[in-house]
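Reviewing the structure listed below.
The values are calculated or read from the model by the stated rules, or taken from the named source; none is laboratory data. Predicted, not measured: the structure shown is a model, and the values here were computed from it. Methodologically, a virtual Cβ is constructed for each residue, glycine included, from the backbone with ideal geometry; neighbour enumeration extends over all protein chains shown. Only protein heavy atoms, including side chains, enter the accessible area calculation; ligands, DNA and RNA are left aside. Shrake-Rupley method; radii C 1.70, N 1.55, O 1.52, S 1.80 Å.
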There are 2 protein chains.
Amino acid sequence: MAFNKRVKIKTILDQHPIGSEITLMGWVRTKRSNKNVSFIALNDGSIITNYQVVADPNVIAEDVLKKCTTGACLKVTGTVVESQGAGQASELNAKSIEVLGEADPEKYPLQPKKHSLEFLREIAHLRMRTNTFGAVFRVRHALAFAVNKYFNDKGFFYIHTPIITASDAEGAGETFKVTTLDIANPPRSEDGSVDFKQDFFEREANLTVSGQLEGELAALALSEIYTFGPTFRAENSNTTRHLAEFWMIEPEMAFYDAEDNADLAEDFLKYLINYALTNCQEDLKFLENRLLDEEKSKPVDQRSEMRLIEKLKFVAENDFVRITYTEAIEILKRSKPNQKKKFQFLIEEWGADLQSEHERYLVEKHFKKPVILTDYPKEIKSFYMRQNEDGKTVAAMDILFPGIGEIIGGSQREERMELLVSRMEELNIPTDEMWWFLDTRRFGSTPHSGFGLGFERMVQFVTGMGNIRDVIAFPRTPGNAEF
Amino acid sequence: MAFNKRVKIKTILDQHPIGSEITLMGWVRTKRSNKNVSFIALNDGSIITNYQVVADPNVIAEDVLKKCTTGACLKVTGTVVESQGAGQASELNAKSIEVLGEADPEKYPLQPKKHSLEFLREIAHLRMRTNTFGAVFRVRHALAFAVNKYFNDKGFFYIHTPIITASDAEGAGETFKVTTLDIANPPRSEDGSVDFKQDFFEREANLTVSGQLEGELAALALSEIYTFGPTFRAENSNTTRHLAEFWMIEPEMAFYDAEDNADLAEDFLKYLINYALTNCQEDLKFLENRLLDEEKSKPVDQRSEMRLIEKLKFVAENDFVRITYTEAIEILKRSKPNQKKKFQFLIEEWGADLQSEHERYLVEKHFKKPVILTDYPKEIKSFYMRQNEDGKTVAAMDILFPGIGEIIGGSQREERMELLVSRMEELNIPTDEMWWFLDTRRFGSTPHSGFGLGFERMVQFVTGMGNIRDVIAFPRTPGNAEF
């Protein structure tokens, strides 16, 4: 016999079906009792709002009520009635309560009080039961769905590019090795080196750092594609902005030049933000207040100038600034922190790589808007970016967001075989191993572009969470693969 | 200046804007010429149908037309006119043609003739430019979108469970190791064993075989969740049904019992099929004909009884058969192939594990319908499945599809702490390492269920492709991590 005859709290709050007899299931957040009545705040994860269950001790046995402690899971049947308290339109008059699972108040770690984010990270298996993380993961879901909906509606095709790969051509960072060899005692060739011919893939293999190159193969067949999958960096970075395992969205489009690429990226980011504003109102309101609370402990000049929702609307409604790297260098050279030697890395000449402090200055101090920075020196960008006519720069594009820094990196791709090969040779990238990539330039090449959006950074921006470990369910970082 | 001012062929075929001047971009599939006119069939991947470009040699220079060979990429501007040929409502009268990228007919591997699937697998970087693989990957996209839409519409939340994990508790098969150690010369502890404390995660780590356990954590907070991500098996299986890297969809639902679970699974599969039937008509029609063609070389009794689309409709419109393992054993015992000893593994007694031949008999011969098999002996199923009252079986559920075999595996989960722990101890699964998993039973436990759908097997079923390597862009199998 089917068990799931419950109504979700989200549905009840949408409809307030006064007079109906319904069944709720969910977890106790709090219980307040006096001798005449108990009020139980129940949450089922469908929405941030708790629903109030009213239990009369003449109806519900005392030993049952005793077990309705924070964290316990209940099945409650009763009648929806107009609420007598403020702040809610209806509540449930309990006719029966079944305790599906208890939660010993002496042992359950999530008591109704404030827990630090650090503590909650240690119990990541339970933290989704809190208001903060419930909100974060509902917003994350909404953004993930919006990613798929945006591209599907535009006629892009979702491609699953490989996670395990034998090519590390992009050289985007250190990679994780994937093997089935016995690491304690790997098979050896005659010269003593490890015999990777005996490994699963008969060669060395890694976890992917990007699906871009494979994405290009698909774009040069299906025109417009995107990837949305996990990518990996084995960098020993213990920061609030880095994960060893994170999700990336990488659209690749045939027939797009650098300007088309920037147009798409800006439109896409605004779509995602608007989607969250429309579909996650309660959660964003909660997260906005959480952030205000958190910032109260900071000096006034370090607090956000805008509230969370205000900031999201501002970004969604205003054009991003578009400037070239060369223009940015001029602005930075003349900037106060550069003149007063406040930057850790002073900007002295064209060609300098931009550090986080420079990006933040441009976005947060100078323009106070998202910035699309284009046409970087080719020396500081990847081999596959299209070379501009000046011979010095490439058609790269980075999008910088307030509080986040680089959220998107992309470029028009070099579609001209000779220029691509000569750049690869300059950088000692083996063209023979990349025969398949070069085939797309050899046969039916065309101008094309693409970019990568770090999904967790986007979730951080929309939720206002300061640490990237708090926007992915089970973060992987150096020394941490728990759960 | 933006480059992408083209109209997609899909849009033109939807609208046939007779009289409009438009720009198309795409790849040449074929060219037929006589001295008065050239007909170029152009494809841009947006739809399987080619669009006909008509080029008058008095308008388009001869040296340009010469370069319009199969595989070349063109930008064509012209006027949409009513077509004089049969089979198409309109065509493009070319005013100008720009060859964006040539394709040397002596070297381009995809000439307009029949290529074997084996050959195309070797050039997976180009095969998406063929009709067959264009269709497969458009259908794959549609199914992936349908997965997300189905769950989003139902209020499920998409959770990204970890890819790298230190737990291999499910024991679903051999795992890939993930490491940053130097395999040729790993650091050693004093006793000579590899010192994994110096590895990136400070312990041994693997690629995940399933996101289920982490999915359960999320379901016991948010009620209804699903995962959709890559999973890995390091099994040395060179079959048409196995990949080392494949995508799985794993919904987990609090408050669902075994029957709720089966209801959801059946509804979900039918939704996916109906979505493809509605949204992929041209591609499915093409794939149906491809399959008919392929089966012409088979003996009549090995050909499919139904055409592809007929089969999809049949599955979408009819109830799946639901029987217990015990009933299935009785049917198999009495079956002709068992009595005549035609099965490789004869069914002699209750408790036998079902092989592919038995599953196929039930689905393809006996019921001629998808079958939901439930309540397997606990000995042949995983530790986390809910124990039935008979003390012998668990609330497992496998869904078997014609031609595919097991497409879904799932169960009601054991929510009762004591029963779960004693089963883990029987199977020597370390309960201390699984403290976080057991916490969900310790605090606020509840009946819950879930299942896993192998995405590639679903794509195989819907597209009619016989080899699983032909439904994922860049398959990973033993010895193969190319591209």
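Helix B:325-334 versus the longest principal axis of chain B: what angle, 0 to 90°, nearest 10, using Cα atoms?
So the helix axis and the longest Cα principal axis differ by about 80 degrees.
Dipole magnitude of the protein assembly as shown about its Cα centre, charges +1 at Lys/Arg Cβ and -1 at Asp/Glu Cβ only, in debye to the nearest 20?
Numbers: 120 positive and 148 negative charges, 412 e Å.
In debye, rounded to 20, the protein assembly as shown gives about 1980.
Take the Cα atoms of the range B:6-101, build their convex hull, and give its volume per residue in Å³. Write out the running numbers ahead of the final one.
On the way: hull volume 8.3 nm³, N = 96.
Measuring per residue, one finds 86 Å³ for the Cα hull of the range B:6-101.
If we hang a label 7 Å off Cα along the beta carbon direction at A:THR240, how far is it from the matching labels on the other copies, in nm, shortest first?
For A:THR240, the inter-copy label distances come out at 5.5 nm.
Largest first, how would B:THR463, A:THR326 line up by accessible area (1.4 Å probe)?
Details: B:THR463 0, A:THR326 60 Å².
Largest accessible area first, the list is A:THR326, B:THR463.
Rounded to whole Hz and in sequence order, give me ³J(HN,Hα) for the range B:465-474 from the Karplus expression 6.51 cos²θ - 1.76 cosθ + 1.60, θ = phi - 60°, writing x for Gly and Pro.
6, x, 10, 4, 5, 9, 10, 10, 4, 10
Calculated from DSSP H runs of 4 or more alone, at -39500 (n - 2.57) each and per residue, what is the 222 nm mean residue ellipticity of chain B, nearest 500? Write out the running numbers ahead of the final one.
Details: 15 runs with 150 residues, N = 483.
Only helices count here, giving -9000 deg cm²/dmol.
Could you order A:ASP390, A:ASP260 so the one with the most accessible surface comes first? Probe is 1.4 Å.
Values: A:ASP390 85, A:ASP260 15 Å².
Of A:ASP390, A:ASP260, the descending order of accessible area is A:ASP390, A:ASP260.
Any chance you could run the full-extension gain for B:ARG188 through B:GLU348? It's 0.36 nm times the residue separation minus the Cα-Cα distance, nm to one decimal. Each step should come with its number before you reach the end.
Values: separation 160, 0.36 × 160 = 57.60 nm, distance 5.11 nm.
Here the segment from B:ARG188 to B:GLU348 would lengthen by 52.5 nm.
May I ask for the accessible area buried between chains A and B, both sides summed, probe 1.4 Å, to the nearest 100 Å²?
Working: alone 24490 and 24500 Å², together 39140 Å².
In total, chains A and B hide about 9900 Å² from solvent.
Please state the relative contact order of the range B:358-483 as a whole percent: Cα pairs under 8 Å, 6+ residues apart?
Relative contact order of the range B:358-483: 19 percent.
Compute the accessible area of each residue in the range B:190-222 twice, once for its chain alone and once with every protein chain present, using a 1.4 Å probe on heavy atoms, and list those whose area falls by at least 50 Å².
B:PHE200, B:PHE201, B:ARG203, B:LEU217, B:ALA221, B:LEU222
May I ask which of B:LYS31/B:LYS113; B:LYS114/B:LYS296; A:LYS197/B:LYS197 have a Cα-Cα span longer than 22 Å here? Walk me through the numbers on the way to the answer.
Details: B:LYS31/B:LYS113 13 Å; B:LYS114/B:LYS296 15 Å; A:LYS197/B:LYS197 27 Å.
Cα-Cα > 22 Å for A:LYS197/B:LYS197; rest within.
To the nearest 10 square angstrom, how much accessible area does A:TRP435 have with a 1.4 angstrom probe?
Counting only protein heavy atoms, the figure is 80 Å².
Rounded to the nearest 10 degrees, what's the angle between the helix A:131-154 long axis and the longest principal axis of chain A, both from Cα atoms, 0 to 90?
That helix lies at roughly 50 degrees to the long axis.
Rounded to the nearest 0.05, what FRET efficiency do B:TRP435 and A:GLN84 give with R0 = 45 Å and r taken as the Cβ-Cβ distance? Could you check? Each step should come with its number before you reach the end.
Working: r = 43 Å, r/R0 = 0.96.
Approximately 0.55, to the nearest 0.05.
How large is the convex hull of the Cα atoms of chain A per residue, expressed in Å³ as a whole number? Let's see the in-between values first.
Numbers: hull volume 101.1 nm³, N = 483.
Here the figure is 209 Å³ per residue.
How large a share of the accessible area of the protein assembly as shown, in percent, is made up of carbon and sulfur atoms when the probe is 1.4 Å and the other protein chains stay in place?
Numbers: 17770 of 39140 Å².
Of the solvent-accessible surface of the protein assembly as shown, carbon and sulfur hold 45 percent.
Considering only Cα-Cα distances, which of the following residue pairs are longer than 19 Å: B:LYS66/B:LYS95; A:LYS66/A:LYS107; A:LYS149/B:LYS5? Could the numbers behind the result be given before it?
Values: B:LYS66/B:LYS95 16 Å; A:LYS66/A:LYS107 16 Å; A:LYS149/B:LYS5 23 Å.
Pairs exceeding 19 Å: A:LYS149/B:LYS5.
Which of the residues in the range A:1-49 show a loss of at least 10 Å² in accessible area from their chain by itself to the complete set of protein chains, at a probe of 1.4 Å?
Listed by number, the residues meeting the 10 Å² cut-off are A:MET1, A:ALA2, A:PHE3, A:ASN4, A:ARG6, A:LYS8, A:MET25, A:TRP27, A:ASP44, A:GLY45, A:SER46.
Compute the FRET efficiency between A:ASN274 and B:GLN111 as 1/(1 + (r/R0)^6), taking r as their Cβ-Cβ distance and R0 = 35 Å, and round to the nearest 0.05.
Details: r = 47 Å, r/R0 = 1.34.
The calculated FRET efficiency here is 0.15.
Can you return the lysines within cross-link range of A:LYS10? Criterion is Cα-Cα under 18 Å, with same-chain partners fewer than 8 residues away left out.
Partners within reach: A:LYS75, A:LYS285, B:LYS154.
What order do A:LYS197, B:LYS67, A:LYS107 take when sorted by accessible area (1.4 Å probe), most exposed first?
A:LYS197, A:LYS107, B:LYS67
Counting alpha carbon pairs within less than 8 Å and at least 6 residues apart, what relative contact order, in whole percent, applies to the range B:6-101?
Numbers: 215 pairs, mean separation 28.9, N = 96.
The value is 30 percent.
With a cut-off of 8 Å between alpha carbons and a minimum separation of six or more residues, what is the relative contact order of chain A in percent? Spell out each step's value before the answer.
Working: 849 pairs, mean separation 62.5, N = 483.
Reported as a whole number, the value is 13 percent.
Applying 1/(1 + (r/R0)^6) with R0 = 30 Å to the Cβ-Cβ distance of B:ASN238 and B:GLU425, what FRET efficiency is obtained, to the nearest 0.05?
Details: r = 37 Å, r/R0 = 1.23.
That gives a FRET efficiency of 0.20.
So which residues in the range A:227-246 end up with at least 40 square angstrom less accessible surface once the other protein chains are there, compared with the chain by itself, probe 1.4 angstrom?
Buried on complex formation: A:GLU245.
If you look at just the Cα atoms of the protein assembly as shown, how large are its Rg and its Dmax in Å?
Considering the protein assembly as shown through its Cα atoms, Rg and Dmax are 29.6, 99 Å.
Give me the one-decimal nm value for the distance between modelled label points at A:VAL37 and A:SER20, 7 Å along each residue's Cα-to-Cβ direction.
2.3
Leaving out ligands and nucleic acids, note down the accessible area per residue over chain A with a 1.4 angstrom probe, in whole Å².
Numbers: 19550 Å² over 483 residues.
The answer is 40 Å² per residue.
Against the longest principal axis of chain B, how steep is helix B:417-426, in degrees 0 to 90 to the nearest 10, with axes from Cα atoms?
The answer is roughly 90 degrees.
If you stretched the chain out fully between A:LYS336 and A:ILE380, how much longer would it get, using 0.36 nm times the residue separation minus the C-alpha to C-alpha distance? Before the final figure, lay out the partial values.
Working: separation 44, 0.36 × 44 = 15.84 nm, distance 2.50 nm.
Taking A:LYS336 through A:ILE380 to full extension adds about 13.3 nm, to one decimal.
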